[in-house]
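Engineer: Below is one structure. I have some questions about it.
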Amino acid sequence: MTVLQATAVRQSIGGRTVLDGVTLSVSPGEIVGLVGPNGAGKSTLVRAMLGLSRPVSGDIRLGGRDVRTLSAQARAREIAYVPQRPSDGFPVSVFDTCLLGRTPYMGTRPGREDLAIVEQVLEQLGLTNLAFRTMDALSGGERQRVMLARALAQQTPLIVLDEPTSALDIGNQLFTLRFLADEARRRGVGVLVAIHDLSLAARFSSRIALLHQGRLVAEGPWHTALTAETIRQTYGVEAEFGTLRGTPVIAPFEAVAS
């Protein structure tokens, strides 16, 4: 059983093919790292998975159901999304922002369970002390963590994140990805994370999916998907590989001569 199955997805924008027959799945309890250079098609694929755009052809299913047939509420119960760049913020409290994650389940007002879930998530992410500060008073990194909390409060079987560590310092990058890995193991949540840092992707992903020019050019464990050859072909750089304290390190060091 997969929580997400995208099959032969093609998408065009302005007559240009940006996704060319991409097939990708996410299973319960795994983190799939979606990597590739700028313009590879990662964000386009994410938008299609969220039901925000209709592919030219192909099939995308959430929990076995065609994403195009699901209502907005049904999609929100299947998939939670953490954007790359949270908005600059509104004068809305952190608590109420996270409570929005409970919208697919609430009636006209939140119940005790909804409030308890938000409180728990804020505590888990170390945000309790910010609960009643407004979003416009937070730093970019703090807002990004709040958006993760909102997604976790949705309690969906699938979480999709677009560069979730881009505004975070290195300590919070590690905390966030460790937390997602623990959440995948503990609750069986499927996680798809689009990320540029190849070392972090290799360290925390169960599987790597490498996109290039709209095509899935490699998929599998990091050491088979991310090789000197695939990185050279897709990113145009030479890279060295190693391990430190048992964790993978991928170091790009020189552009390939044109």
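The values are calculated or read from the model by the stated rules, or taken from the named source; none is laboratory data. For clarity, every value in this text was computed on a predicted model and none was experimentally measured. A quick note on method: Cβ atoms are made from the backbone with ideal geometry, for glycine too, and the neighbour counts reach across all protein chains shown. What goes into the accessible areas is simple: the full protein's heavy atoms, side chains included, and nothing from ligands, DNA or RNA. Shrake-Rupley method; radii C 1.70, N 1.55, O 1.52, S 1.80 Å.
Engineer: Taking R0 as 30 Å, what's the FRET efficiency between Gln213 and Phe175 from their Cβ-Cβ distance, rounded to 0.05?
Structural biologist: 0.35
Engineer: Hey, another quick one. I need the GluC sites (Glu not before Pro) found in the range 156-258, filtered to DSSP loop residues with at most 13 other beta carbons within 10 Å of theirs.
Structural biologist: none
Engineer: Any chance you could tell me what percent of the C-alpha pair distances in the chain go past 34 Å?
Structural biologist: 18
Engineer: Using alpha carbons only, how many angstrom separate the centre of the range 26-100 from the centre of the range 159-229?
Structural biologist: Using only Cα atoms to place each centre, the spacing works out to 15 Å.
Engineer: Here is a further query. How high is the relative contact order of the range 1-137, given as a whole-number percent (alpha carbon pairs under 8 Å, six or more residues apart)?
Structural biologist: Rounded, it is 22 percent for the range 1-137.
Engineer: Continuing with the same structure: Using only helices, what value at 222 nm comes out for the chain when you add -39,500 (n - 2.57) per DSSP H run of length 4 or more and divide by the total residues, to the nearest 500 deg cm²/dmol?
Structural biologist: Counting only the DSSP helices, I get -9500 deg cm²/dmol.
Engineer: How big, in percent, is the set of alpha carbon pairs in the range 30-110 lying more than 16 Å apart?
Structural biologist: The share of Cα pairs beyond 16 Å in the range 30-110 comes to 65 percent.
Engineer: Just to check I understand the Karplus step: with θ = phi - 60° and J = 6.51 cos²θ - 1.76 cosθ + 1.60, what whole-Hz values come out for the range 190-200, glycine and proline as x?
Structural biologist: My calculation for the range 190-200 gives x, 10, 10, 10, 7, 8, 8, 6, 5, 5, 5 Hz in order.
Engineer: Need one number: % antiparallel among DSSP beta bridges in the chain, to the nearest 5.
Structural biologist: The answer is about 65 percent antiparallel.
Engineer: With a 1.4 Å probe and all protein chains left in place, how much accessible area per residue does the range 20-62 have, in Å²?
Structural biologist: For the range 20-62, the per-residue accessible area is 35 Å².
Engineer: Let me ask something additional. Ignoring ligands, DNA and RNA, what percent of the 1.4 Å accessible area of the chain is carbon and sulfur?
Structural biologist: The C+S portion of the solvent-accessible surface of the chain is 51 percent.
Engineer: Let me ask another. First obtain the Kirkwood hydrodynamic radius of the range 41-189 from its Cα pairs, then insert it into the Stokes-Einstein equation at 4 °C and 1.567 mPa s, and state the resulting D in µm² per second as a whole number.
Structural biologist: Translational diffusion coefficient: 81 µm²/s.
Engineer: From zero up to wherever the largest Cα-Cα distance of the range 115-258 sits, split into 5 Å bins and tell me the percent of pairs in each.
Structural biologist: All Cα pairs considered, the percentages come to 2, 8, 17, 19, 17, 14, 10, 7, 4, 1, 0, 0.
Engineer: Rounded to the nearest 10 Å², what accessible area does Tyr81 show when all protein chains are kept and the probe is 1.4 Å?
Structural biologist: 70
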